[in-house]
Amino acid sequence: MSDRRTEQLQSLHIDRDETGARGGGPGWGGILIAALLAGGVGVGATWFLIPRDSPAPAPVQQVRTEPSTPTQATAPRREISSGLVASGYVVARRRATVSAEITGRIRDVLIEEGAVVESGEVLAYLDDERARIDLMLFEAQAIAADQRARSVSAQLSEARTLLERTRQLIKTGFASQARLTSEQAQVDSLQAQLLAARADLSAVQARVASQRDYVDRHMVRAPFAGVVVAKNAQVGEILSPVSAGGGFTRTGIATLVDMESLELEVDVNENQIQRVSAGQDVEAVLDAYPDWRIPARVEAIIPTANRSSATIRVRVALNERDGRILPAMAARVTFLETGNSSPENGEKDRP
């Protein structure tokens with residue numbers, strides 16, 4: 001067995017002397033095989049050394065820039081936040097609890113919450129039956145006083161006619177001086193009675209006007225146009241403007257708010273008040289509508305400070321009117337200041 005293997009190995013042996021003698025040098029086949037092996041090794045080594053995930057380098061592009069002429073441009077001024085934020089509430093400059101000027105029992109209430117009323121519109125009626133009876137009495141007295149004045153005036157006119165006739169008769173001798181004196185006294189007395197009757201008529205007429213005004217005061221009217229935000233009394237209750245309340249006694253019919261007078265009141269820390277000025281633009285955001293930014297401005301700075309909270313109240317006027325803005329809503333106000341967005345100013349302001 002071993003001899004056979006030895007013979008096979010010897011048959012695979014290449015005789016270099018015979019190959020060289022046939023080709024005149026080293027064999028071209030061997031050189032070609034060696035070159036292919038070397039190339040394969042190099043490609044394999046390169047494949048192992050280069051990472052597979054690295055992206056291919058992008059070709060470098062050369063951008064040709066042309067020289068530009070420098071121009072000086074002024075950027076528009078814009079409003080930026082000053083960083084000062086204050087909290088407050090929506091308030092109404094015109095807000096009133098509407099009541100009557102007299103004490104009386106409520107007969108009828110004509111409004112409900114949310115009703116829109118005009119200036120002078122009747123909101124409620126008080127019981128005015130007794131007041132109207134007194135008005136009828138005074139009107140009757142006025143009529144009687146007027147009739148008395150008319151009667152005295154007619155008597156005076158007759159007395160003057162008699163007096164003038166007596167004067168003519170005296171000239172002809174058919175009347176005495178005593179008769180003339182008596183008729184003159186009668187005229188003077190009637191003139192005084194007429195003045196008294198007219199004075200009484202004026203007094204009664206004044207009482208009539210006063211009673212009519214008293215009857216009119218049994219109607220509760222709106223002092224200004226607005227919206228009813230609270231109904232404070234019911235039919236049958238006693239309304240008294242001077243009462244402190246209690247039981248069935250009420251001090252007002254309803255609470256009326258003028259929606260056109262809504263504004264914001266915010267409290268600013270007193271050590272930041274120097275950053276606030278009248279007329280300054282602000283941006284208001286209601287807690288109920290956090291995405292709605294309402295343009296506004298500083299209306300006034302209340303010239304007093306709160307000792308307990310170390311704050312100063314600032315009034316902010318709204319530039320927009322909207323039905324979504326309601327009294328007592330919470331709000332946040334961001335104070336704005338005018339800035340410049342030019343690059344030079346930006347570099348100066350940059351720390």
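The values are calculated or read from the model by the stated rules, or taken from the named source; none is laboratory data. Remember, it's a predicted structure, so these values are computed and weren't measured experimentally. Ideal geometry is used to build each Cβ from the backbone, glycine not excepted, and the neighbour counts take in all protein chains shown.
Go through segment 218-231 and give me each residue that's of a type in the set (Lys, Arg) and in contact with a Gly (Cβ under 9 Å, 6 or more places away or on another chain).
Initial filter on segment 218-231 (of a type in the set (Lys, Arg)): 221, 231.
The answer is Arg221, and nothing else.
Could you please tell me which pairs satisfy a Cβ distance under 9 Å, a separation of 6+ or placement on different chains, a first residue in segment 293-306 that is closer than 15 Å to Val276 by Cβ, and a second residue that is part of a strand (DSSP E or B) and polar (S, T, N, Q)?
Going by the 9 Å Cβ cut-off, the qualifying pairs are Ala305/Thr311.
From the set of residues in segment 323-351 that are among the basic types (Lys, Arg) and modelled with pLDDT of 90 or more, which is surrounded by the most Cβ atoms within 10 Å (Cβ to Cβ)? Step through it out loud before you land on a result.
Initially, segment 323-351 is screened for residues among the basic types (Lys, Arg), giving 324, 332, 348, 350.
From what is left, the residues that are modelled with pLDDT of 90 or more are 324, 332.
On the way: Arg324: 10, Arg332: 16.
This residue is Arg332.
So the check is Cβ under 9 Å with 6+ separation or different chains; which pairs have a first residue in segment 112-140 that's in contact (Cβ under 8 Å) with a residue 60 or more places away in the chain and a second one that's hydroxyl-bearing (Ser, Thr, Tyr) and surrounded by fewer than 14 Cβ atoms within 10 Å (Cβ to Cβ)?
Leu126/Thr103; Phe138/Ser210
Considering only residues that are part of a loop (DSSP other than H, G, I, E, B) and more than 19 Å from the chain's Cα centre (by Cα), which ones fall in segment 251-283? Steps first, answer last, please.
Within segment 251-283, the subset part of a loop (DSSP other than H, G, I, E, B) is 251-253, 258, 276-280.
Hits for segment 251-283 are Thr251, Gly252, Ile253, Val276, Ser277.
What residue, of Ser240, Ser277, Ser261, is touching a strand residue (DSSP E or B) at 6+ places or on another chain (Cβ under 9 Å), closer than 15 Å to Leu336 by Cβ and surrounded by fewer than 18 Cβ atoms within 10 Å (Cβ to Cβ)?
Details: Ser240 fails: closer than 15 Å to Leu336 by Cβ; Ser261 fails: closer than 15 Å to Leu336 by Cβ.
From the options Ser240, Ser277, Ser261, the qualifying one is Ser277.
Do we find that Ser119 is at pLDDT 90 or above and within 30 Å of Ala197 (Cβ to Cβ) in this structure? Before the answer, list the steps.
Details: at pLDDT 90 or above: yes; within 30 Å of Ala197 (Cβ to Cβ): no.
Answer is no for this residue.
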